[in-house]
Amino acid sequence: MRYVLFLTVLLPHMASALHLSPMERELVISKSRPTEEIRLYLQNMESESKSYKIEILKRREDERGVEHRSKTSELKLDAGPASLSPSSLGPGETRELILRYTGSREIPSEQAYRLIVTETKGALRMKIVSSIYVRPELAKPDLQAEGSVRRLAADRFQVVLHNKGTAHQRLDGYAPVLRFSETTVRLKPETLSAWDKENILSGMKRVLTLDAETPVPPDAILTFALVRR
């Protein structure tokens, strides 16, 4: 199983205070494993005690990439509801967090969750946002470009992607290719950088804006393709 780690932290100058690892986990629902659990480790990297609380939320994203979260009982900390109450870690202490999946074992596609750790005391409070995915054994993404290229301006265009598969897909595995006639449109570096950070959940669509380095002729017929890297 491949784990990709990424971290979203508010107040980056405090990033050494609490450390959660790994930052992303995938749990595969398998008939050969009757117990479904995930183990994470929360460590206090500082020389003073840290108080924190933990939230587990289900998530989805709209076409603009805006994340929506909701309460869930499908993924729980092993020790029960008390574990979600404010807790504390001593200096240098590490705590094992065991998550158990209690939802349906007949899910048709991957389910996405957030585990959020938030400091509860102090003027500056750190927040760690991690990703948990629970998926069927044979789940896989199926990313497709949908519809035609929409022109917003001479150097700005809009495309729609649809993940018709049953698992999430990060766009850093694909290169966006915008063309007219025999010409490939050069995209701005900031467009390519933003593209690589996108992640499209199972079944979701995403509307993305592409900025060209130079204007494209107004009569150009544009085509868009996804090319695997």
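Some notes on this structure:
- Two-site FRET efficiency, residue 172 against residue 93, from Cβ-Cβ distance with R₀ of 35 Å, rounded to 0.05: 0.50
- Dipole magnitude of the range 86-229, debye to nearest 20 (Cβ charges: Lys/Arg +1, Asp/Glu -1, about Cα centre): 300 debye
- Considering only GluC sites (Glu not before Pro) in DSSP loops that have at most 16 other Cβ atoms within 10 Å, the longest stretch of the chain without any of them is 1-45.
- Sum of -39500 (n - 2.57) over DSSP H runs of 4+, divided by residues of the chain (222 nm, nearest 500): -1000 deg cm²/dmol
- Equivalent-ellipsoid semi-axes for the range 163-210 (Cα gyration tensor, √(5λ), whole Å, largest first): 23, 13, 9.
- Cα pair count fraction exceeding 23 Å, expressed as % - the range 116-229: 42 percent
- Cα extents of the chain along the three principal axes, largest first (Å): 64, 45, 27
- Ignoring lysines fewer than eight residues from residue 58 along the same chain, the ones with Cα atoms less than 19 angstrom from its Cα are 71, 76, 127, 205.
- In order along the range 106-122, the Karplus-derived 3J(HN,Hα) couplings, from 6.51 cos²θ - 1.76 cosθ + 1.60 at θ = phi - 60°, round to 10, 5, x, 8, 4, 10, 10, 9, 10, 10, 10, 10, 10, 5, 10, 10, x Hz, and Gly and Pro are given as x.
No value in this document is a laboratory result; all are computed from the given coordinates. Keep in mind it's a predicted model, so treat the numbers as computed, not measured. Here Cβ is always computed from backbone atoms with ideal geometry, including for glycine, and neighbour counts include all displayed protein chains.
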